[in-house]
Structures are given as structure tokens and as C-alpha cells.
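Chemist: Take this structure first; my questions come after.
The values are calculated or read from the model by the stated rules, or taken from the named source; none is laboratory data. The model shown is predicted, which means the values in this text are computed figures rather than measured ones. In this analysis, Cβ positions are derived from the backbone assuming ideal geometry, glycine residues included, and neighbour counts consider all displayed protein chains. Heads up: the accessible areas ignore ligands, DNA and RNA and are worked out on the full protein's heavy atoms, side chains in. Shrake-Rupley method; radii C 1.70, N 1.55, O 1.52, S 1.80 Å.
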Amino acid sequence: MDINWSDVWQAILNWLATSGVRLLLAVVILTVSFRLINLVGRRIVRRAEARHKFDKTIAETLVYFIKIILKIAIAVSLVSFVGIDTSGIAALITSFGVALGVAFNGTLGNVAGGVLILITRPFRIDDYIKVGEYEGTVEDIRIVHTR
């Protein structure tokens, strides 16, 4: 069996001209959009802190979740743009979400506790608190943990 190298080379060039360009463009868009999302997120938090209209904790947490949702949406859109069927990805994400929900059943209580902390605001970022034998300044509050 002889391999016709000119046909192989022509197939590679055809792929580069069609799918390769889309893949390269998708990687560039992904990189630029992720950096832009991070930049805008940092600016929103800084403005919220400067105006003192928003609680620093709520602003940082909301920006964090919005950034994650935007990045996932962009990634799935670009996967579709490249030509990969996204229905399988949607089913995979759904299955992954159900598996995580079952696996982290106890952690969901912590998530509810984190939401309550954000809503009731018993303490905020930069507050000095004492919990049991631990004490210190609150640096960051997330849904699942507080540092």
C-alpha cells in the first residue's frame, strides 16, 4: 500500500484553511474575552468599593459568579463555533451537576450557610472576628468558605 504524500499534504492544507483557522480564531477570542472579563470584574469591584454604595463582600461575590457564568458561556459558544456538537456537552454538564449535587450533599449545607452570611451580613470583609479559639480579620467571603 503506497501513501500518496501529495494527497496527505493537500488534506492537511484543506483542514488548516477551514477548521484550523476557526480553531485559531476561537483560541484568540477565548483568551481576549477571558482577560476582558477579568479586567471588567476588577474595575466593577473597585468602583463599588470607591462609591461605598455596595457592600464589598456582596460586590466581590457577585462579580465572581458572573465571571464564571460568562466564561462558561463563552467557552461553550466557541466550542460550537469550532464545529463541535454542543448537545453532548450540555448533557455532560447536566450529568456533572447532578453527580456533584449527590456527592456534595453535606457541602450544600455550607453553601446555604454561605448564602445566609451574605444575606444577613453578621460580618463583612475587613471585620475583626473571633470564632471559638480562632480570631482574625476577614479577608474573603465565598459561598462555601470564609478566610
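Chemist: State all residues of the range 28-55 that are under 14 Å from residue 67 (Cβ atoms) and of a type in the set (Phe, Trp, Tyr); if no residue qualifies, say none.
Modeler: 34
Chemist: Between 18, 94, 86, which is more than 30 Å from residue 147 (Cβ to Cβ), free of Cβ contacts under 8 Å to residues at least 60 places away in the same chain and open to solvent by less than 50 Å² (accessible area, probe 1.4 Å)?
Modeler: 86
Chemist: Cβ-Cβ under 8 Å, sequence separation 6+ or interchain: first residue in the range 122-147 and in contact (Cβ under 8 Å) with a residue 24 or more places away in the chain and among the acidic types (Asp, Glu), partner outside any loop (DSSP other than H, G, I, E, B) and surrounded by 12 or more Cβ atoms within 10 Å (Cβ to Cβ). Which pairs?
Modeler: From the range 122-147, the pairs are 126/56; 140/60; 140/146.
Chemist: Still on this structure: Quick check on my filter: what residues within the range 97-107 are modelled with pLDDT under 80 and open to solvent by 90 Å² or more (accessible area, probe 1.4 Å)?
Modeler: 104, 105
Chemist: Which members of the range 130-145 meet the condition of being open to solvent by less than 40 Å² (accessible area, probe 1.4 Å) and among the β-branched types (Val, Ile, Thr)?
Modeler: Result: 138, 141, 143.
Chemist: Can you go through 62, 39, 70 and tell me which one is surrounded by 12 or more Cβ atoms within 10 Å (Cβ to Cβ), at pLDDT 90 or above and either in contact with a Leu (Cβ under 6 Å, 6 or more places away or on another chain) or not small (Gly, Ala, Ser) (or both)?
Modeler: Going through 62, 39, 70 in turn, the sole match is 70.
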